[in-house]
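What follows draws every value from the coordinates through simple rules; no lab data is involved. Computed from a predicted model, the values in this text were never measured in an experiment. Please note: Cβ atoms are built from the backbone with ideal geometry, for glycine as well, and neighbour counts cover all protein chains shown.
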Amino acid sequence: MSTTPPPQALVTGSQTGELSDHDGALGWLRALGPRGQRAFAGAFGGYALDSYDYFTLPLSMVALAAYFGLDSGQTGLFTTVTLVVSAVGGALAGVVADRVGRVKALMITVVTYAVFTVACGFAPNYETLLVFRALQGLGFGGEWAVGAILVAEYASAKHRGRTLGAIQSSWAVGWALAAIVYTLVFSFAGDDLAWRIMFWTGALPALLVIWMRRRVHDAPKAVAVREHSAERGSFTAIFKPGLLRTTIFAGLLSTGVQGGYYTLATWVPTYLKSDRGLSVVGTGGYLTFLISGAFLGYLTGGYLTDRLGRRRNIWLFALLSAVCILAYANIPHGANTLLLVLGFPLGFCMSAIFSGFGSYLSELYPTAVRGTGQGFTYNTGRAVGAVFPTTVGFLADSWGVGGALVFGAIGYGIAALALFGLPETRGKELA
């Protein structure tokens, strides 16, 4: 007797209208498979701790300025140096990822940013702290691009936006953790010691590296390409005629989005304390609304980038982010309740725009130079975008931090214009 199932038994759930294992709220996670899920966990943890180590500085900025006697221009330089050096680190990490593998490159970046974040806590003067923060930028710059590529190469075209959006949401998780630790440390320790403790807690990522070394592996198809491609990890390849236009406009897109984002990420804590007169606990409360909006923004943006397309999602939230910045910076003094409420949509929009980046940049470049292309464009954008928070720092004394925040809106305008030079890539399979 034949055991061949009837024809209707071969029909998939999607064809019959039933839910398959890859549908539903967490279908994107199941679609990754066990190895892909471990890669997701490694990239999620690495980016969350990357965020944590980054925010140890902005949250400690007021205490650092008092301890070393710094003006707004000098404190703004911390962010500029971090982001400029991160461009070098990100570009190098992309090349390393294409040549020796995504996981090895990811571990190198995590160790680098952890070591130099801890070193910042031992800095005896402003100049030394500036150097350590610059070196921290080497690891900080490479982590996201490498982790995003690692997961993108496991993700299906159908779910790639949501999957990478979920990776992006880990930035809000790390930010929230930093805000909690900041509130506790600065409540129980004097400012002169508290900022050092904040940096010392940056040793946490070492635990992640130990786990990743044993459990996380590159996607098999990426390994196959790396072993047989003669042009892997080549800087010249991303500037050849076939990819030159992509590299230029992807760099402009990254510059605009990150110029806007880091203006806010760097200066909102100082704005809340200095311009609005909030306490440490009060600042933490206001940041809770901002960070909650950011977390949901990453997840929502990831969903919309699959539904609307990469370009439409970025256009939508570039406009909304610019509007939110202008509204947030012009709230009248005494209307702090409105400031609290507007923190949520501000965090939501400035994060939702990032959700499509991991999938979009991965889809713009072929596998052999995906790390190089994504690492270079994303981190060049960071470096050039660093001009925005620095400009705010130098104008803060005369304009006030709130007034100078309008430069973040200019960044989002640049991002919107850059999209005219880039194609839509939704649904693209990664070879």
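With θ taken as phi - 60° and the coefficients 6.51, -1.76 and 1.60, list the Karplus ³J(HN,Hα) couplings across the stretch 407-412 in order, rounded to whole Hz; mark glycine and proline as x.
Values, residue by residue: 5, x, 5, 4, x, 5 Hz.
Only counting other Cβ atoms within 10 Å, I'd like ASP192, ASP98, ASP50, ASP218 sorted with the fewest neighbours first. Please list the in-between numbers first.
Numbers: ASP192 10, ASP98 31, ASP50 26, ASP218 23.
Ordered by Cβ neighbours within 10 Å, fewest first: ASP192, ASP218, ASP50, ASP98.
I'd like the Karplus ³J(HN,Hα) series for the stretch 238-249: coefficients 6.51, -1.76, 1.60, θ = phi - 60°, whole numbers in Hz, and an x wherever there's a Gly or Pro.
7, 10, 6, x, x, 10, 4, 4, 4, 5, 5, 6
Give me the net charge for the shell around PHE140: Cβ to Cβ below 10 angstrom, other residues only, Lys and Arg +1, Asp and Glu -1. Write out the running numbers ahead of the final one.
Details: positive: ARG133, ARG382; negative: ASP50, ASP53, GLU143.
That works out to -1.
Below 13 angstrom from the Cβ of PHE68, what's the summed charge of the other residues (Lys, Arg +1; Asp, Glu -1)?
-2
Would you kindly derive the ³J(HN,Hα) couplings of the stretch 95-110 from the backbone phi angles with the Karplus curve 6.51 cos²θ - 1.76 cosθ + 1.60 (θ = phi - 60°), listing them in order in whole Hz, with x for Gly and Pro?
Per-residue couplings from phi come out as 5, 4, 4, 6, 9, 10, x, 5, 5, 4, 5, 5, 5, 4, 5, 5 Hz.
Using Cβ counts within 10 Å as a stand-in for footprinting exposure, how do MET198, MET212 rank, fewest first?
Numbers: MET198 27, MET212 23.
Ordered from fewest to most neighbouring Cβ atoms within 10 Å, MET198, MET212 come out as MET212, MET198.
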